[in-house]
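Here, each number is a calculation from the coordinates, and none is a lab measurement. No experiment lies behind these values; they were computed from the predicted model shown. So basically every Cβ, Gly included, is an ideal-geometry build from the backbone, and we count neighbours across all protein chains shown.
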Amino acid sequence: MNLDDLIGQSGEWLRGSGPESDIVISSRVRLARNLARFPFLTRTNDEQRDEIHVSIKSALDHAGLVENGHCYVDLDQASDELTSRFLLERHLISRELANGTGGRGVLFNRSEMLAVMVNEEDHLRIQAIRAGFQVEDAHKDIARLDERLDATLEFAFSERFGYLTACPTNVGTGMRASVMLHLPALVFTKQIDKVFASVTKINLAVRGFYGEGTQASGDFFQISNQITLGIAEKEIMGLLDRVVPRIVAYEREVREHLLRKDRIRLEDRVWRALGTLQAARSINSEETMNLLSAVRLGVNCGLLDDVNISTVNELFILTQPAHLQRLKRRELDAGERDATRAEFIRRHLDL
């Protein structure tokens, strides 16, 4: 498998399936790990970074992952910056890894539900993603992979503190569990701040579409744990299991209220968004995300019968700048990207 196989399609987690998939886009569990015999990346030189990279890639190969339907991208050897941006847009790597230097890479499977980042902030960042609200299943996926790698690699671990990480906020389990939610009704009615205020009081963080350090886009929000030290993995998942259904119920309640009490305004927003997307000849990323959000809301509220939800989900990713340029197989300036994006959307929403 190579990167060209991914053009024009999305990962399994974006297919619009899974529990509560009208609101919960995906569930992700990420583990941070470091090799015991090396310093953290902030204290390594280029030679050590390369050695870490080689050691981990060898372990991945030993575990049968590199050749078994998986793809490994050596980002230090990648021919251009576009490759990193493309992987970032697909949520396969982080901004930290995309902007890094030296020996580093990422391994992922064909479904894009498992990924292993090498030499990100930590030596290893392992992630599992599931469609819909499936935090426990994502945790089972990642636990199996963690055990396979632990059999080959010696991780930095303290009996007192747990797994040792470059950033103190990850020490302990090294685990971040997150759920990506689509909350357009709460944003539309300006009630989203109530949700933010509530979740931050119980040590949950709210982030944007691409996680840490990003702003909300298209009414997407990631809710994740902030504490990893002194709390068990089951407790982290339990917290999300208690909180996420309440947010989902709140969003559904507001959607139902809009359909009953403010239907014309809701329909106007949805149909204007669809009409613009079907007619536009030039459109930027931000406007695309906002309009697709309204269309997705319309589909899930039963206002649009002829639009496929998986198509809408995929357009959030496939219309990003690096995807459009990889599709055209050349660099595009902003104007060319906006025109290409508009044409791509019209083709996929041609009802």
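Derived scalar couplings between HN and Hα for region 100-105 equal x, 9, x, x, 6, x Hz in order, rounded to whole Hz, by the Karplus curve 6.51 cos²θ - 1.76 cosθ + 1.60 (θ = phi - 60°), x for Gly and Pro. Highest mobility in the GNM of the chain, judged by mean-square fluctuation with C-alpha springs under 10 Å and restricted to Arg176, Arg37, Arg28, is found for Arg37. Looking only at Ala32, Ala115, Ala59, which one moves most when the chain is put into a Gaussian network model with springs between Cα atoms under 10 Å? Its mean-square fluctuation being the largest, the pick is Ala59. Its DSSP H runs of at least 4 residues, each contributing -39,500 (n - 2.57), put the calculated 222 nm mean residue ellipticity of the chain at -14000 deg cm²/dmol, to the nearest 500. Approximating the spin labels as points 7 Å out from Cα along Cα→Cβ, the Ala197-to-Asp306 distance works out to 4.4 nm.
Between His62 and Asp150, the distance separating the two model label sites (each 7 Å from Cα on the Cα→Cβ line) works out to 1.6 nm. In this structure, Glu286 and Ile231 have a Cβ-Cβ separation that, at R0 = 35 Å, corresponds to a calculated FRET efficiency of about 0.45. For the chain, relative contact order (Cα pairs under 8 Å, six or more residues apart, normalised by length) works out to 20 percent. Distances between placed amide hydrogens fall under 5 Å for Gly8 paired with no residue 5 or more residues away or on another chain.
Backbone geometry of region 35-52 corresponds, through the Karplus equation with coefficients 6.51, -1.76 and 1.60 at θ = phi - 60°, to 3J(HN,Hα) couplings of 7, 5, 8, 10, x, 4, 4, 5, 10, 9, 9, 4, 5, 5, 4, 5, 5, 4 Hz, x marking Gly and Pro.
Phi-derived couplings, Karplus 6.51 cos²θ - 1.76 cosθ + 1.60 at θ = phi - 60°, listed residue by residue for region 265-276: 5, 5, 4, 4, 4, 5, 6, 4, 4, 4, x, 5 Hz, with x used for Gly and Pro.
Across region 201-351, the fraction of Cα-Cα pairs farther apart than 27 Å, rounded to a whole number, is 36%. Residue separation of Asp4 and Arg346 scaled by 0.36 nm, minus their Cα-Cα distance, works out to 120.9 nm of gained length. Over region 75-208, what is the mean sequence separation of C-alpha contacts under 8 Å (at least six apart), divided by residue count, expressed as relative contact order in percent? Result for region 75-208 is 11 percent. Taking the centroid of alpha carbons for each part, region 226-265 and region 61-103 are 32 Å apart.
Of the candidates Arg265, Arg49, Arg33, which one comes out as most mobile in a Gaussian network treatment of the chain with C-alpha springs shorter than 10 Å? Fluctuation is largest for Arg265. Using R0 = 45 Å, the C-beta based FRET efficiency linking Ser158 and Ile264 works out to 0.15.
Remark: spin-label model distance Asp76-Asn45 equals 1.4 nm, labels positioned 7 Å along the Cα→Cβ axis.
Given the pairs Lys140/Lys190; Lys201/Lys234; Lys140/Lys261, which are separated by over 31 angstrom at their Cα positions?
Too far apart for the 31 Å limit: Lys140/Lys190; Lys140/Lys261.
What is the sum of charges, Lys and Arg at +1 and Asp and Glu at -1, for the other residues whose Cβ falls under 11 Å from the Cβ of Ser111?
Values: positive: Arg15, Arg110, Arg130; negative: Glu12, Glu112, Asp141.
Summing Lys and Arg as +1 and Asp and Glu as -1 gives 0.
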